[in-house]
Structure formats: C-alpha cells, structure tokens
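First the structure, in the form of structure tokens, and then the observations on it.
Bear in mind that the values in this text are calculations on the coordinates, not laboratory data. Here the structure is a predicted model, which means the values were calculated and not measured. A quick note on method: Cβ atoms are made from the backbone with ideal geometry, for glycine too, and the neighbour counts reach across all protein chains shown.
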Amino acid sequence: MIIGKIENGLVLDHIRAGYGMKLYEILGLDKLDCQVALIKNADSVKYERKDIIKIDRMIDINIDAIGFVDPNITVNYIEGGKLAKRTHIDMPEEIEGFVRCKNPRCITTVEQELPHRFRLTDREKGVYRCVYCESKLEVK
Amino acid sequence: MRHLIDIMDLSVGEINDMIERAKDIIENPADYCEKCKGRKLATLFFEPSTRTRLSFEAAMYELGGNVLGFSEAQSSSAAKGESVADTIRTVGAYADIIAMRHPKEGAPVVAAAKSTVPVINAGDGGHNHPTQTLTDLLTISREKGRLNSMTVGLCGDLKFGRTVHSLIAAMSRYENVKFVLISPEELKIPEYLKQEILIKNNMTFVETGDLESAMPQLDILYMTRVQRERFFNEQDYLRLKDSYILTPDKLENAKADLSILHPLPRVNEISVAVDDDPRARYFEQVRNGKFIRMALILKLLEEAEQREEQ
C-alpha cells in the first residue's frame, strides 16, 4: 500500500498496533481539513506490527496526549519533504482535557466545569488515575 | 493549608502522635475542654450520617468549640445547584475548620483546593473515610497496645468497603502485620489494592471464603456490612447481603483476646447475641471515634495557626 510523501507536516510513527484510531480521536484529527492518513498494522522491524498517522500540515500537537496513549511513539516533523526533527515522547506526569473519568460516582459527573485531570501513579505499568476519585484510566 | 483527604496524607509518625494525644484526651479530658474556645467547626453533610457527624460535633463541643452546618444536601444550597467549590468558599467565611461528607468520590479534593480553612474528609462515596481509619487505628492500639505484629481478619464486603481499603493501606505501614481477607468471591478486595498495597509492600495476606476456619489465628476481626447503596443491581445485593453472620458459636475457636470491630452501622452481620461477649469492641470503637477526631481537629487547627503566624 502506498501513501504519498508529505511536504510539510507530521508523521506519528511506532504507534502500538491497534492504538492509531484512539490517538486519532484523542488528538481530534477528524476536525482537520487537510489530508490525514491512518495506517493500521504496518510492518515493523521493532514491533512486528505498528500504526502510523501522517498529517499533511504542520499543526500544534498535544504531546501529552501522545505520551499517554503510547510513550514509544516518535513524532517526525517534515519540512520541505525532509525530516527536520524527530521527538521521542515521555509519559507526562499529569494529563488534562482530552480524556474523561468514566467512574459514574466521580464528582466530575455532577460538576460539569471541573477539568478532568489524571496523574501518573505507576510509570512502569503506565497507570493514570483520576486526581479526584483515583479511578484507573483505561486507554482503550 | 493542611487538610485530611486520604489516610495516606498522614505519615506514620503523625498518626502515632494523634493516637497518643487521643489517649491523653481520654485520660485528662479537663485539660482539653477549652482548647477550641471561640472556634467553629462546620459539618457539611451532603449525605446522611449518624455516627460520623455526631462524633465530629461531640468532639468539637468537648473541645469547647461551636458547631454549625447541615445534615443533608436538601437543606443546603447544593439543592439549588451550587458547586462544592462555592459552598466551601462560603463556609470558610464563617468557620475555622470544615468536616465534609459527600456522596461523590473526590468531592473533598475539590473542596480542599478552594478552601481557606482546613477540610476534613468525612467520607466521599465509596472512596475514602480517613477519620474512620483513625478511629480503627486508635481502637486497635488501645486494645492491643501496639499496631504491629498481629493478624487482622477483614470480613464481608472487601470490594466496595472503603473502611477496609483504608485500614489495609494504613496498617501496611506497620511491621509484621498479616491480613486474612474473608469475603465471597464477588466481593473480594480489588486487584489494584492487592497489587499496589499488599504486594508492593511485601505484606503477608491470604484470601478465603471461610470465616470459621480463619477464626483461630485472628487478633482482630473487622466485620463489615454489605452496603446496599454501593450496588447498581438490587439482585446482587440481595444475593450477597447475608454472606457472613457472626454468631456466638462461630467464636468458639477464637482467641480469648480477640477484638471484634465493626465501623457500624450493622444490619445483621453481627448477631446482637455477640454484643455481650467481652471481645465485642465495636461500641468502644464508636467512643474512640470522638477522641481521635478531637486530636485531629486540634492538630489541623494548630497547624493552620502556625501557618498564619509565619
């Protein structure tokens, strides 16, 4: 399968297979009016299978959201058809605004203006918990 | 501003100091009867409670202070849709310290973030109830003279029981404590607590469904109620509510110095026939709740005063 080269934009590479669509949703890429390609289950030397997202425009991207979905993702910045910068992501200590607490007993379910915030409580296992009710946040 | 939201907000040293102070209050009540003269405690109970609210109020009165507040959300501005943050900021203008119970988990975190006076979490849904844990720790300390080197049996609803979760977390910081976790399969302790507290701290624990066979080894038996309000499905509640009923015959093989505790209220999980057994200590536990809350109110008010002076 051939997906064309991009001149100026971003390539999110080494996304854990199956997590590309989740990242697409969290980053709100459906709202962009430029070309966006989501490639699922691409061959990978490192992981056997991976997902890739190509965005045909240089946009401000939420690095925290990427680190939350999968800290092994690399963000490639393409300028003039060439790789200008490659960024490796770390898991953020705290995330806010792009995922919601699913616990029906959490205070955020009744107080609509409270920001949905989560704190990294186990870096090894990548566990985030709601700062209010401490419920575990599931990526998928 | 120092608050108490989760029992783990307190260090072991702070807990031990409060326990010692509560014991001193029991021994020398006259020394404390004017410690909070002119101070006000606001009890904000967005959810009904008997023991916790009354023990907070009794604690403040015994310290010579005054109490204001409400005992259900319907009699507060919450019924008009006021946010927790706004309620707390308003009450902070009238009171020196706040004890708050709320049905939603995490509400005290919101309150503490906006409060100008110390906030004590008096229970947030099925989440935290740190003053119950302090009560339990004071009771165990008074009963056994120590908080280490013992076998603690926890029986009943270990899945939704917030008092159980907090007590396990708190006692996991003391040496040589063994837990026997007695529950039906559906109400076993959540996996994350097992992983993040028991296994992480190398605690010795066993899980069983059989109360009677576990009985002979226990120094403490902490009974809990299967709580109707924690179930979304009434059928599940009805099926599980009578899983364990402690009766005198089940205590035949128990140690002579066993202490039976319960956070109360009970429904039928401890037969009233057990009440006369000298090992039944749950009403003494209720009394201890007032004394440890006195120690806590004093601690938080003193820390707030020190901060103001600085």
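Structure notes:
- 10 Å Cβ neighbours from other chains, averaged over peptide A:120-133: 3
- Efficiency of FRET from Cβ geometry, B:Glu27 and A:Arg100, R₀ 41 Å, rounded to 0.05: 0.20
- HN-Hα J in Hz across region B:104-109 - Karplus 6.51, -1.76, 1.60, θ = phi - 60°, x for Gly and Pro: 8, 6, x, 4, x, 5
- Entry note, the protein assembly as shown: the mean residue ellipticity at 222 nm calculated from DSSP H runs of n ≥ 4, each adding -39500 (n - 2.57), is -8000 deg cm²/dmol after division by the residues and rounding to the nearest 500.
- Angle of helix B:12-27 to the longest C-alpha principal axis of chain B, folded into 0 to 90 degrees and rounded to 10: 80°.
- Among B:90-100, A:28-38, sorting by the average number of other beta carbon atoms lying within 10 angstrom of each residue, highest first, gives B:90-100, A:28-38.
- Residue-wise HN-Hα coupling along region B:262-276, computed from phi with Karplus coefficients 6.51, -1.76, 1.60 (Hz; x: Gly, Pro): 7, x, 6, x, 9, 10, 9, 6, 10, 4, 4, 5, 7, 4, 7
- Amide H within-cut-off set for B:Leu4, under 5 Å, with H built and near neighbours excluded: B:Val119, B:Ile120, B:Asn121
- Of A:Glu93, A:Glu124, A:Glu25, the one that fluctuates the most in a GNM where chain A has Cα springs shorter than 10 Å: A:Glu124
- Under-5 Å amide H pairs with B:Glu207, H placed in peptide plane, nonlocal only: B:Leu181
- Here is the size of the protein assembly as shown from its Cα atoms: Rg then Dmax, 26.1, 85 Å.
- Charge tally in the Cβ shell below 13 Å around B:Val110, where Lys, Arg are +1 and Asp, Glu are -1, B:Val110 excluded: -2
- GNM top mover of A:Phe68, A:Phe98, A:Phe118 - chain A, alpha-carbon springs below 10 Å: A:Phe98
- Overall form of region B:209-310 per C-alpha gyration tensor (a/c, 1.5; a/b vs b/c): oblate
- Take each residue of peptide B:211-218, count the partner chain Cβ atoms within 10 Å of its Cβ, and average: the result is 0.
- Between helix B:51-62 and chain B there is an angle of about 50 degrees, using the helix long axis and the longest principal axis of the Cα atoms.
- Gaussian network model of chain A, Cα within-10 Å springs - most flexible of A:Glu79, A:Glu48, A:Glu111: A:Glu111
- Amide H partners (placed H, <5 Å) of B:Leu68, local residues excluded: B:Leu41, B:Ala42, B:Thr43
- The string of couplings for region B:247-258 from the Karplus curve (6.51, -1.76, 1.60, θ = phi - 60°) is 10, x, 5, 6, 9, 4, 9, 7, 5, 5, 9, 4 Hz, one whole number per residue in order, with x for Gly and Pro.
- Calculated FRET efficiency for the pair B:Ala113/A:Asp60, C-beta based, R₀ 35 Å, to 0.05: 0.80
- Entries in B:Lys104/B:Lys200; A:Lys5/A:Lys102; A:Lys40/A:Lys102 that, when Cα-Cα distance is taken, lie over 32 Å: A:Lys5/A:Lys102
- Environment charge of B:Arg53, counting only residues whose C-beta is closer than 14 Å and scoring Lys/Arg +1, Asp/Glu -1: +1
- Remark: the Cα gyration tensor places region A:9-88 in the rounded category, a/c being less than 1.5.
- Each peptide in B:275-285, A:12-22 was scored by the mean count of other Cβ atoms within 10 Å over its residues; highest first, the order is A:12-22, B:275-285.
- Set the Cα radius of gyration of chain A against 2.2 N^0.38 Å, with N its number of residues, and you get 1.13.
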